[in-house]
Amino acid sequence: MTMGTITVLAAPCLRARLYDEGAALPYRGMSVLDDKPWNHTGKHILWIVTDQTPAGNMGRGHFNAFIEGDRIKFSKDLDV
């Protein structure tokens, strides 16, 4: 299994969900490595390792996080 390292900009509710899902068993295909405040509105920039991104350079960089069904998914942010 390959793991990519990505950054995600997250509002407080998504940030909490990323921590919760990363800690959940049996999932654990994602972990938050670093977490820094982004602005005064409560957004944070998170550095995440996940098995949901492609191998190599395509699996690195800035991604958008979204909830699909009951899981968090990631898509490459092509504007960055």
Run the helix sum for the chain: -39,500 (n - 2.57) per DSSP H stretch of 4+ residues, divided by residue count, reported at 222 nm to the nearest 500 deg cm²/dmol. -4500 deg cm²/dmol
Candidate aspartates and glutamates for bridging to Lys76, where Cα separation is under 20 Å - those fewer than 8 sequence places away on the same chain excluded: Glu21, Asp34, Asp35, Asp51, Glu68
At 0.36 nm per residue, minus the direct Cα-Cα distance, what do Leu78 and Lys36 gain on full extension? Give it in nm, one decimal, please. 12.9 nm
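Read-outs throughout are calculated quantities, based only on the coordinates presented, and are distinct from any laboratory measurement. A quick note: this is a predicted structure, and the numbers were derived from the prediction, not measured.
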